[in-house]
Amino acid sequence: LIGFVAGLIAKALTPGAGPSGFFLTSVLGIGGSVAATYLGQALGLYPQGHAAGFIASIIGAVVLLVGYHLVTRNRVK
């Protein structure tokens, strides 16, 4: 649930059309959330359950969304 919310916030913060659809937004949000949470905790930046984890989840989702834009921007529609 937190990953989906992070995905929605990241979609709102990232310029461009972005992915549409519940599934892709959820996957990008959850993926960014998981990656940022584990990375932040592994580096000792914040403990488990800390509010910074949610902020890191949003940042991770934004990074994945920007990566998605870079990969799909040159495709012919």
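The values are calculated or read from the model by the stated rules, or taken from the named source; none is laboratory data. In this text, all values refer to a predicted model and were calculated from it rather than measured experimentally. Here the Cβ positions follow ideal geometry from the backbone for every residue, glycine too, while neighbour counts run over all protein chains shown. Accessible surface is based on the protein model in full, side chains and every heavy atom, while ligands, DNA and RNA are left aside. Shrake-Rupley method; radii C 1.70, N 1.55, O 1.52, S 1.80 Å.
Computed with a 1.4 Å probe over protein heavy atoms only, the accessible surface of the chain comes to 67 Å² per residue. To the nearest ten degrees, helix 22-42 and the longest principal axis of the Cα atoms of the chain are 30 degrees apart.
Compared with the dominant principal axis of the Cα atoms in the chain, helix 52-72 is inclined by about 20°. Quick one: pull the percentage of alpha-carbon pairs in the range 22-77 with a separation above 14 Å. Percentage above 14 Å: 55. Spin-label model, HIS50/TYR38: points 7 Å from Cα along the beta carbon direction are separated by 1.9 nm.
From helices alone, the chain scores -23500 deg cm²/dmol at 222 nm; the rule is -39500 (n - 2.57) for each run of n ≥ 4 DSSP H residues, then divide by the residue total.
What percentage of the solvent-accessible surface of the chain, computed with a 1.4 Å probe over protein heavy atoms, is contributed by carbon and sulfur atoms? It is 72 percent, rounded to a whole number.
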